[in-house]
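The structure under discussion appears below in the form of C-alpha cells.
The values are calculated or read from the model by the stated rules, or taken from the named source; none is laboratory data. Note that the structure is a prediction, hence the values are computed from the model and not measured. Heads up, the Cβs are rebuilt from the backbone with ideal geometry, glycines too, and the neighbour counts pull from every protein chain shown.
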C-alpha cells in the first residue's frame, strides 16, 4: 500500500488554461477559493455575502461593537448576520483491543483514493456525540462507544473547527457507503502514512499512536 515519498498526494483537480490537472496537498494550501472545483463551500468572506437571508435586502458591512471587526447588518430588518465557523467531528475508531485504528479509503474529492478518518459536519441543533455516532454508522455500518475528545484543530482561513473523538467499535466488519471505496482496521505500525488524504489526519494519528503504543 506504500507510496513513494516523492509522489504528490492527490487532493483534487484544478482548472487552468490547458484544462484540468492534478492538485497536490502542497498546492492546495496556496489556492484561492475559486481556483479549485473541490474547495469547501464555507470558504468565503463576509464581503462575499450581499443579501439578508431574512428579508432579501442588501447587507451593509459595519463596525457594530468592536472596532475593526465589521459585521453584516441589514438596515431594513435590523438583522445582524454572524459568519460562524463550520464545526466538524472526526473519530479515531479503535478495535476492542485498542491496537488498530479504522481508516476509510475515500471515494470522493478531495483526497479520492486516499485514507482518512470517519467523520462529518454538525448540523445546527444536533448533539455532537450523536453526530459522530451517526456518521460512523452511516459510513461504516459500525456502532461505536464514544469516550472523549482527544484533540481539536482550528482552521481560521477555512472557517472550520474540528473536534476529534476517541471511540471503540463493536466489531471490525466494515460495510462502507458510496463515500468510501473500503474501510480497514490498521495496526498502528501498518498505517499507510504516505497515502493519508489530509495533513491533519497524519498529524493527529502520529500524536495518538506515539502516545498509545
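Miscellaneous remarks
- Annotation note: of 152, 164, the sole residue that is in the same structural domain as residue 100 (by TED's automatic domain parsing) and touching a helix residue (DSSP H, G or I) at 6+ places or on another chain (Cβ under 9 Å) is 164.
- Test: residue in region 76-85 that is touching a helix residue (DSSP H, G or I) at 6+ places or on another chain (Cβ under 9 Å), at pLDDT 50 or above and crowded, with 17+ Cβ neighbours inside 10 Å: no
- Some residue of region 17-25 being closer than 30 Å to residue 151 by Cβ and modelled with pLDDT of 55 or more: no
- Failed item in (1) within 23 Å of residue 113 (Cβ to Cβ); (2) loosely packed, with under 15 Cβ neighbours inside 10 Å, with residue 176 passing the rest: (2)
- Region 107-148, subset in a strand (DSSP E or B), surrounded by fewer than 17 Cβ atoms within 10 Å (Cβ to Cβ) and touching a helix residue (DSSP H, G or I) at 6+ places or on another chain (Cβ under 9 Å), residue modelled with the highest pLDDT: 145
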